[in-house]
1. Going by the structure shown, is A:Arg109 without any contact (Cβ under 8 Å) to a residue 12 or more places away in the chain and of a type in the set (D, E, K, R)?
2. Which of the residues spanning segment B:1-60 are within 30 Å of B:Pro109 (Cβ to Cβ), of a type in the set (Asp, Glu) and within 14 Å of chain A (Cβ to nearest Cβ)?
3. If you take just the helices (runs of 4 or more DSSP H) that sit entirely in segment A:1-91, which of them hold at least 3 residues that are more than 14 Å from every other protein chain (Cβ to nearest Cβ) and closer than 30 Å to B:Pro19 by Cβ?
4. Considering B:Val96, B:Val59, which residue is at pLDDT 95 or above, closer than 21 Å to B:Phe29 by Cβ, crowded, with 17+ Cβ neighbours inside 10 Å and of a type in the set (A, V, I, L, M)?
5. Somewhere in segment B:145-153, is a residue buried (at least 16 other Cβ atoms within 10 Å of the Cβ), touching a residue at least 24 places away in the same chain (Cβ under 8 Å), within 22 Å of B:Pro39 (Cβ to Cβ) and of a type outside the set (Asp, Glu)?
6. Which members of segment B:11-52 meet the condition of being among the small types (Gly, Ala, Ser) and more than 30 Å from B:Glu254 (Cβ to Cβ)?
7. Take the residues in segment B:194-224 that are out of contact with any Gly (no Cβ under 8 Å at 6 or more places or on another chain) and β-branched (Val, Ile, Thr); name whichever of them is surrounded by the most Cβ atoms within 10 Å (Cβ to Cβ).
Amino acid sequence: MRDKLIRLGIFLLCLVPFAVLLKGAVTGGLGPDPAKTIMLETGEWSLRLLALTLLVSPLRQWTGWSLVMRLRRMLGLYAFFYACVHLATFAHFYLGWSGSILLEELAERPYITVGFAAWSLLLPLALTSTRGWQRRLRRNWQRLHRLIYPAAVLACLHLLWQARSDIGEALVYIVIVAALLGWRLRTFWPGLAKA
Amino acid sequence: ELAAAAGPEAFQTDEKLTPYGDVSGYNNFYEFGTDKSDPARNAHTMTTDPWSVEVGGLVNKPGKLYLEDILGSFDLEERTYRLRCVEAWSMVIPWVGFPLADLLQRFEPGSDAKFVEFRTLYRPDEMSGTRSLTSIIDWPYREGLRLDEAMHPLTLLAVGLYGKTLPNQNGAPLRLVVPWKYGFKSIKSIVSINLVDRQPATSWQTLAPREYGFYSNVNPEVDHPRWSQRYERRLPSTLFSPNRIATRMFNGYEAQVAELYQGMDLRKYY
């Protein structure tokens, strides 16, 4: 019962940024250039949730809490959800829903290619996130879901590539993601841990 | 607040004006932060009175102009220009100002002067953005024009917008407006104007020469390496009407300025 409440609470909490953006977009509260605000916010929330998803395993190991494992799927799906809103905003404000302009942008602009690649890596993870798929894929499920690592790296690169003069913010995310991935390297190569 | 006659027809447009609140609330003025809302929040710390502009270099009569002299000795006119940012958004703004040529002529440019170099105020204790440790701009902000661009009748020194004195975040008390070039060429809060014989180094060009050329004329055919310049969002843009419009050559001022670039490869001199 308590677990259920915590999960419901976190579910609603993750929805707050979207609700705030939606309200702003509908009422005009996002200022003269809502595209810019929505792109920035959804991109950052996607990355934040991706980092939180990556935090689940280390957190369980340190604390022994089993509850966090059951939050992982929700956090991951929310990261994908914000990435989808991010992509839809791009299509609406920047591409005018033109497929040919999308292809052109993908071909010509590496930061868009990289961002799109990150979204594409998350897509199969979202689709196979159910218990049913987990059972069907067995050991391969875990292998498949390691795609979150390159997705997080690409998402950081996507952010860094867009900085115009100040890379401070991108660096914060890079350090966090590097730490979360670095922790996994230690467990893959236990020799590193002793060093 | 500012008395100004309507400028000639050639310097107007019928397009819908961007509301005052958006013009003064959505700015790029990195001296006060990189977020669009930072300048409106932080620029009040800049002292704009007293203010003077140093005019020097290859001129016969170098000197210093105080803001009072500027306001008292040039005829102000209102001009409505399109402003196209290199980031692919745009506005339509009624400026109050006078041609830069009027000011330059007073200092008598020498025959060897070929370019004009401008500098923005640099006062770290009043400009929070210049104190950012992760910013890679080498202050003070610098911009430049070729002399014939600077003397072009479209090139304006603005002291106001919407009939009022310039808000600090829009580059008070004196800024450049070059409507056929990307917005960052229109340098804000000018403290020095220098005539030189060589193309001056400008801030964005120094920072990323592949991305920001010296000319930076608005050109839908030449993309920024990281994004397309074919379209722009005319602000205000909303979810229900994104206001995505096609970008025009020289921001729609082709008839007036194309001759400045005759015979130049605009892909090379971007």
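1. Details: without any contact (Cβ under 8 Å) to a residue 12 or more places away in the chain: yes; of a type in the set (D, E, K, R): yes.
The answer is yes for A:Arg109.
2. B:Glu31
3. The qualifying helices (runs of 4 or more DSSP H) are A:2-27.
4. Values: B:Val59 fails: closer than 21 Å to B:Phe29 by Cβ.
From the options B:Val96, B:Val59, the qualifying one is B:Val96.
5. As a first pass, look at segment B:145-153 and keep what is buried (at least 16 other Cβ atoms within 10 Å of the Cβ): B:145-147, B:149-152.
Then drop every residue that is not touching a residue at least 24 places away in the same chain (Cβ under 8 Å), which leaves B:145-147, B:149-152.
Now drop any that are not within 22 Å of B:Pro39 (Cβ to Cβ), which leaves none.
For segment B:145-153, residues buried (at least 16 other Cβ atoms within 10 Å of the Cβ), touching a residue at least 24 places away in the same chain (Cβ under 8 Å), within 22 Å of B:Pro39 (Cβ to Cβ) and of a type outside the set (Asp, Glu): absent.
6. Across segment B:11-52, the qualifying residues are B:Gly21, B:Gly25, B:Gly33, B:Ser37, B:Ala40, B:Ala43, B:Ser52.
7. So, considering only residues that are out of contact with any Gly (no Cβ under 8 Å at 6 or more places or on another chain) and β-branched (Val, Ile, Thr), the one surrounded by the most Cβ atoms within 10 Å (Cβ to Cβ) is B:Val218.
Results for (1) surrounded by fewer than 16 Cβ atoms within 10 Å (Cβ to Cβ); (2) within 14 Å of another protein chain (Cβ to nearest Cβ); (3) on the phi < 0 side of the Ramachandran plot, shown as yes or no for each residue.
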site	(1), (2), (3)
A:Arg138	yes, no, no
A:His145	no, no, yes
A:Cys156	no, no, yes
A:Trp161	no, yes, yes
A:Arg164	no, yes, yes
A:Ala170	no, yes, yes
A:Ala179	yes, no, yes
A:Gly182	yes, no, yes
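The values are calculated or read from the model by the stated rules, or taken from the named source; none is laboratory data. A quick note: this is a predicted structure, and the numbers were derived from the prediction, not measured. Reconstructed Cβ throughout: ideal geometry from the backbone, glycine too, with neighbour counts over all protein chains shown.
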